[in-house]
Structures are given as C-alpha cells and as structure tokens.
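Contents: one structure, followed by commentary.
The values are calculated or read from the model by the stated rules, or taken from the named source; none is laboratory data. All figures in this text were calculated on a predicted structure; none of them were measured in a lab. Reconstructed Cβ throughout: ideal geometry from the backbone, glycine too, with neighbour counts over all protein chains shown.
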Amino acid sequence: TVETGFVAVDLGATSGRVMLGIVREGSRQARPVGGEAGPGGVDGAPRVELVECGRFANGPVPDEHGALRWDVRALWRGILDGLRSAGDVARKRGVVVRGIGVDAWAVDHAFLDESGVLVADPYCYRDPRTDAVADEVYRRIPFADHYAVNGLQHLQFTTEFQLVAEVSTGSAREGTGSAGEWGRARDLLLVPDLITYWLTGRRVAEVTNASTTGLLDATSRTWSAELLDRLAAGYPPLAGLRDKLPELVEPGTVVGHLVPEVREATGLGEVPVLAVASHDTASAVAAAPLGAAAAYISSGTWSLVGLELPEPVLTEPSRAANFTNELGLDGTVRYLHNVMGLWVLDECVRSWSHDDGAPVDLSALLAAASAEPGSRCLVDVDGGEFLAPGDMPRRVSDAAARLGVDLPVDGPAARPALVRVVLDSLAASSARAIADASSLAGVPVDVVHVVGGGSRNELLCRLTAEAAGLPVIAGPVEATALGNVLVQARAVGVLSGDLTALRDVVRASVALRRYDPAPVTGH
Ligand code: LRH
C-alpha cells in the first residue's frame, strides 16, 4: 500500500533536522510502543511516524567584526542533503511525499536585494548590538504603547530592535556595514521564510513567526500600520520598512512548489511547499497534547512557558509580568514567558567539554546532579547576563556568589552542584511563569506538558513537577517536527479536524511519561 509522507525542516539554534513524517490510518488496537500510554483516549486516531533523514549542527558564527551571525548557506546545504535522504527513504518505503514545511527559531531575519539575492548572513539575536536599543526605542514609543498592539514581552532582541540597531548611526555595529545592508535590502524575510523562498521562489511572511517581530497587531493578526508609522517617525530610515514586509500567510497555506534547481539537487518531484506554524515554538505547542487546564513548557534552548488562549491578554499586569502574546495555530494565542532554558546548561557543557578536550557525559552529570542536595540557591536564569555565549560556569558561579553561595567552578568534581543549581533555578522559574500565566489569564492550571528536547531530561521534569506542585507530562521530544507535519497533513486533507483532533494524533503516535510532584532529594 502507498503511504503518505510530509517532510519537516526544523531549524533550531543548536541543530537543524529534516524529518519524514509518515501518516498512517488509525486502528482500534493502535497503542503507542515503548512506554506509558498518553492520557487521552486515542484508539482509532491516525498516527505519525517520524523518521530522521538529516541532522546538522547550527550555532552563531562570529563574522570578521566579531558580530554573531547565522551561516544560512551551511544550513541550506544541510537542508538539501536532508531532503535528498528524505526522498530516498520515502522511495524505499513506498511513501509518497505530499508536502514540505519549514520552521525555525523566531525573530532573526535576512534581507534580499533587488535581484532576490541574500544581502548578508542574518545576525543572531544573541549579538550584543541590541543591548541598549529597546530603552532608546521606548523613549519614543513607550513599552505600554507597543504592548497594547503587539502584546509582546520585552526581549531585547525582538526584530524591531534589531532593525533599529541596523539603521542607527552610533550603534554597536557602527562601521561594520549594517547601514549598507539595510540600504541594499528590498525584502525582509524571517529565517524559515527565507528557506521557503529558496525552495519555491516565493516570498511570504508566515504569521506565527511574524508575530515575534514586534510589528504585528496581535488582535488582527496583520502588520500594524500604527507601530510601523510610529517607528518610521522615530527612525526615518525605517520609513521604507513597510514595503519590505511580505504578504502574511496563515499556517496551512500552499506557498508554492519546489523550484527546478531544488528538484534536481534532491531528486524530489513537484512537491508543494506549505507554510506551517513556522515559529518553532508555535509548531511545538500545536503538537503538545494539551487537554483542559493545561500549561506547557516548550523546552529546548529556551523554555517557553505558558498557556494556549483564544485571545491575547493585553492588560497592564500582564505587561508588568512580561508575558507575551505570540500567535499560534488556528487563531490561538501563545501566552507565554521566555525562560532562559537549557541554553545555560548546554553552554556549561560546551565549556567543560572544551576544558576536557572531550565531550562531557551529560547523562552521568545529570545522574550526579540528581544526587546533589537541592535548593542550594536559585539564580535568576532569566537575567540578561546569561544571554551571550561563553564562560557560562563562571557566570552561574558569580550569580550564586551574589546570593552568598559559594559554587566552585574548578575541576569536574564541582560540576554536579553547578548543574543542580542551574536546573533547580530553571524549574523554579518555569513554575513561577506557570503560576503567573494562570493568574494573569484567569485560567486554572492542573497539569504541565513538557515538550521538546528537555522532555527527555528526567531530572528537569521531576524538579519542574516538584517546583510547580503539579504533575508533568513529558513528550513528545520531537514536538516541533510533529507540529510541522500535522499542519501539512491537515492542509492537504490527509488529516482533518481542529487542534483537539490533531492532538489525538500526537497521543496515538508517541509515548508520554508522567511525573507526579514529589521532593527530589539528594542521598
Ligand atoms: C525558540 C525560539 C523562542 C524565541 C527564540 C528567539 O527556539 O524560537 O520562541 O523567543 O527562539
């Protein structure tokens, strides 16, 4: 029998993946393999099997001036290789590929010139060029005025602030040619839209990711004329911005078909390329098997902690608590807060692996950390001091020292305690965000879904359940790719139904794990 497949291109800050999602009819006996069944009744729901067809490293690369950028051409090569493998896997398995969708991290953007050629590698949001920009912008357009329209939490690297950094003389990047880049820009494309453009030749702005630019109206889901006008008034070079923003599309829109060069390079045919929920977090939330009264943590480089709501919360207390209203699938709002996430741990591991000249064994380290006494101290993992890469163990230790706690950094024996402080802090910060979201939105929460790579981190899940005083349901690990595939499959009619029906497919497809709140004690 012929089966149907969809390719998810999923770009994260530390790696990119190409996954083939094979959709199968449900059967009454269908049961997830390899673990506890999910909480939903899912017998009979279709299932998706994900096959990894490509994985490649990603990370910010300093340019000749030391500015952090993304090597998008390297990503593109990884994507083409992955698409070729996906085509091979599909052929071997008798699967017909009926769609391709791209998602990536938010906020960062590229410019295309008059001929449609990439002007320069996109800046990474961790580049310090925006360090002082937001405060400057807020003097002209107060944060409250922004929030009333775009509903976004304050993050120093929101696309709007990056654009202001780009056109401001005297900015951190003066002399590095940023103004020149803006001067040559005819179109602005967010990272997943850039890849979709290279696949199809068509320029669009997918709305879930566009909602992270600061330029969108969170209520109408359209570019905000008000914010664009005020920005142009404050920063005249940005007067042309409006014309550089592409047409918005909702997830599920067919953007185009593979251009001949890509067909040739990958061996794939006339496959449609669809807009998915192209903000990786939006895809992950779409595939979080949420029921009633559920909060989620999309746990990866960042922990995105919050609720799915039918409408934005644009109140003053919500702004003061720095909660964001990013847009989700099917008209939903992702009401959440950015917690610094596994970035802090990953950077520590990177630095230790560098010291050792060999990769650190993370699972041994986590086992040792779980045997450490908890609650030594809680550092503010949301602090801007942890945003930039480099020397993370020292920065964590300095933050602990400010709380009067001695957290040595030297030698492997010191590592488990430091890891425990990082994870305790992350869990506490997530628990606080869940409680805040619940009270600010006036929605009860009695369960927390952890999806993404962090759902595999047992210690973090246990600590989160303990800190929140709520059960944690962990999985799927590949929520983002799954959300990407589900949107495509529904758009071409292979799946049907609303978000609830899509989440039944998730429950039928993957094993979930439950952690009940209990103290995580050292021995
Ligand atoms: C996670 C993520 C997050 C954004 C950040 C820039 O990958 O997309 O939702 O805030 O990256």
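Return the total of residues in segment 319-349 being without any contact (Cβ under 8 Å) to a residue 40 or more places away in the chain and within 25 Å of ASN58 (Cα to Cα). Qualifying residue count, segment 319-349: 1. Just so you know, in segment 316-331 the residues that are within 15 Å of the ligand (Cβ to nearest atom) and either touching a strand residue (DSSP E or B) at 6+ places or on another chain (Cβ under 8 Å) or among the small types (Gly, Ala, Ser) (or both) include one that is nearest to HIS154 (Cα to Cα), and it is ASN322.
For segment 288-310, a residue qualifies if it is within 12 Å of the ligand (Cβ to nearest atom) and assigned to a loop (DSSP other than H, G, I, E, B), and the qualifying residues are GLY300, THR301, TRP302.
The condition (being part of a loop (DSSP other than H, G, I, E, B) and without any contact (Cβ under 8 Å) to a residue 60 or more places away in the chain) is satisfied by just one residue among GLU270, GLU264: GLU270.
Taking the condition in contact (Cβ under 8 Å) with a residue 24 or more places away in the chain and either touching a strand residue (DSSP E or B) at 6+ places or on another chain (Cβ under 6 Å) or surrounded by 24 or more Cβ atoms within 10 Å (Cβ to Cβ) (or both), does GLY469 pass? When the stated conditions are applied, GLY469 does not pass them. All conditions but one from (1) surrounded by fewer than 20 Cβ atoms within 10 Å (Cβ to Cβ); (2) at negative phi apply to GLY411; the one that does not is (2). For GLY214, the requirement of being at positive phi and more than 16 Å from the ligand (Cβ to nearest atom) is not met. When GLY59, GLY66 are checked against the criterion of being out of contact with any His (no Cβ under 9 Å at 6 or more places or on another chain), within 16 Å of the ligand (Cβ to nearest atom) and part of a loop (DSSP other than H, G, I, E, B), a single residue qualifies: GLY59.
Restricting the first member to segment 3-14 and to residues that are within 14 Å of SER278 (Cβ to Cβ), and the second to residues that are of a type in the set (Lys, Arg) and in a strand (DSSP E or B), the beta-carbon pairs closer than 9 Å and six or more apart or on different chains are ALA8/ARG17; VAL9/ARG17; ASP10/ARG17; LEU11/ARG17. Here is the figure for segment 234-261: residues that are touching a helix residue (DSSP H, G or I) at 6+ places or on another chain (Cβ under 8 Å), of a type in the set (D, E, K, R) and in a helix (DSSP H, G or I) total 1. You will find that of ARG140, ARG98, the residue that is touching a residue at least 12 places away in the same chain (Cβ under 8 Å), of a type in the set (Lys, Arg) and within 25 Å of TRP182 (Cα to Cα) is ARG140 and no other. Does ALA413 satisfy the criteria of being part of a helix (DSSP H, G or I), of a type outside the set (Phe, Trp, Tyr) and closer than 30 Å to ALA292 by Cα? When the stated conditions are applied, ALA413 does not pass them. Of all the criteria given as (1) surrounded by fewer than 20 Cβ atoms within 10 Å (Cβ to Cβ); (2) within 16 Å of the ligand (Cβ to nearest atom), the one not satisfied by GLU261 is (2).
Just name the residue that is nearest to the chain's Cα centre (by Cα) out of those in segment 442-458 that are closer than 20 Å to SER370 by Cβ and surrounded by fewer than 20 Cβ atoms within 10 Å (Cβ to Cβ). Per the stated criteria, the residue is ARG456. Pairing residues of segment 212-234 that are over 22 Å from HIS337 (Cα atoms) and free of Cβ contacts under 8 Å to residues at least 24 places away in the same chain with residues that are of a type in the set (S, T, N, Q) and assigned to a helix (DSSP H, G or I), at Cβ distances under 7 Å and at least 6 apart in sequence or on separate chains, gives no pairs at all. What do you reckon, is LEU274 under 28 Å from VAL96 (Cβ atoms), among the aliphatic types (A, V, I, L, M) and in contact with a helix residue (DSSP H, G or I) (Cβ under 6 Å, 6 or more places away or on another chain)? So LEU274 fits the description; yes. Selection of first residues in segment 152-170 that are farther than 16 Å from ASP108 by Cα and within 10 Å of the ligand (Cβ to nearest atom) and of second residues that are of a type outside the set (Val, Ile, Thr) and modelled with pLDDT of 95 or more, restricted to Cβ pairs under 6 Å at least 6 apart or on distinct chains, gives the following pairs, ordered by first then second residue: GLN153/ASN322; GLN153/PHE323. When VAL339, VAL313, VAL285 are checked against the criterion of being among the β-branched types (Val, Ile, Thr), away from the ligand (no atom under 14 Å from the Cβ) and touching a strand residue (DSSP E or B) at 6+ places or on another chain (Cβ under 9 Å), VAL313 stands alone in meeting it. So is THR281 surrounded by 19 or more Cβ atoms within 10 Å (Cβ to Cβ), of a type outside the set (A, V, I, L, M) and over 30 Å from ALA428 (Cα atoms) or not? Spelling it out, it is not the case that THR281 is surrounded by 19 or more Cβ atoms within 10 Å (Cβ to Cβ), of a type outside the set (A, V, I, L, M) and over 30 Å from ALA428 (Cα atoms). Screening PRO476 on (1) surrounded by 22 or more Cβ atoms within 10 Å (Cβ to Cβ); (2) over 21 Å from TRP302 (Cα atoms); (3) not polar (S, T, N, Q) shows it passes everything except condition (2). All conditions in (1) aliphatic (A, V, I, L, M); (2) surrounded by fewer than 22 Cβ atoms within 10 Å (Cβ to Cβ); (3) not in a loop (DSSP other than H, G, I, E, B) hold for VAL405, with the sole exception of (3).
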